[in-house]
Amino acid sequence: LAKAFQDCRKNAWEEGFVQVSDACLSALELVQYYNVGLDTTLTWTLFGMLSVEGSARQLDPQVDCAAAAQRYIITLPSLVKEARSQSWTTTKHMCGELLFGCVGKDYWEWRREVGLSWQDLQR
């Protein structure tokens, strides 16, 4: 699971966007490998995400589904919830994305501009 998240972060850093389909497929491969039962709703959500990204990429290969959904995912209530249960590193990046988004800037683009690599995300 850690490798799946690390690959997702590396992909986002190097390409500038998250391949949602790669993340979903990694999650489904882990479920299959460990023979874990999934809730039907989650399974259909993952398949839906795969379909949406695939269709969008056929229309525009540079489309970024994750960025389009970001403003609905990273909100103040979700930030508070994550701060209570996640690591400081995750919370720090969520705060950065939220603050940069308020002023119309891209947090990850800024990190690339100042010369930080994807390995620096763990600091």
Between helix 76-85 and the chain, what is the angle of the helix's C-alpha long axis to the longest principal axis, kept within 0 to 90° and rounded to the nearest 10?
80
I need the per residue convex hull volume for the chain, using only the alpha carbons, in cubic angstrom as a whole number.
126
Quick one: what are the phi-derived ³J(HN,Hα) couplings along segment 93-106, Karplus 6.51/-1.76/1.60 with θ = phi - 60°, whole Hz, x for glycine and proline?
5, 5, 4, x, 5, 5, 5, 5, x, 5, 9, x, 10, 9
Using the heavy atoms of the protein chains and a 1.4 angstrom probe, tell me the accessible area per residue for segment 12-101 in square angstrom.
69
Apportionment of accessible area to carbon and sulfur, the chain, percent (1.4 Å):
60
Please list, in chain and number order, the residues 5+ apart from LEU38 or on another chain whose amide H is under 5 Å from its amide H, with Hs placed from the backbone.
none
Treating the angle as unsigned and between 0 and 90°, give the value, to the nearest 10°, between the Cα long axis of helix 2-15 and the longest Cα principal axis of the chain.
60
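The values are calculated or read from the model by the stated rules, or taken from the named source; none is laboratory data. These numbers come from a predicted model, not from an experiment. Side chains included, ligands, DNA and RNA excluded: accessible areas come from the protein's heavy atoms. Shrake-Rupley method; radii C 1.70, N 1.55, O 1.52, S 1.80 Å.
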